[in-house]
């Protein structure tokens, strides 16, 4: 999937492999190897590519953005009713709104 996503993103920016390699500080061969699926990037390289295209590493690897709600909660919601979870989500949204409002004032 990474190879397909790299090709897609590169073409969306109308960049050749040479141009992308130059912008990232890589060799054209390195880009070619990634796009042909002959090599996989290490973690640091993956982050550089994701930052350049302004996408997540999840998107580069899977073609899907991680659900925002997956990152909302750092505590265990197990055992809570759906209505209680919705109340928590609404409260978080309210707190975010209130914070934005304070910034504007």
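Just a few scattered comments:
- Cα-based shape type of the range 2-62, given that a ≥ b ≥ c are square roots of the gyration tensor eigenvalues and the cut on a/c is 1.5: rounded
- Identified option (computed percent of Cα pairs over 22 Å apart; candidates (1) 28; (2) 20; (3) 50): (3)
- Tilt relative to the chain, helix 82-104 - C-alpha long axis, 0 to 90 degrees, to 10: 80
- Angle in degrees between helix 43-53 and the longest Cα principal axis of the chain, rounded to the nearest 10: 80
- Principal-axis tilt of helix 2-12 within the chain, Cα atoms, nearest 10 degrees: 80
Readers should treat all values here as calculations from the given coordinates under stated rules, not as data from a laboratory. For clarity, every value in this text was computed on a predicted model and none was experimentally measured.
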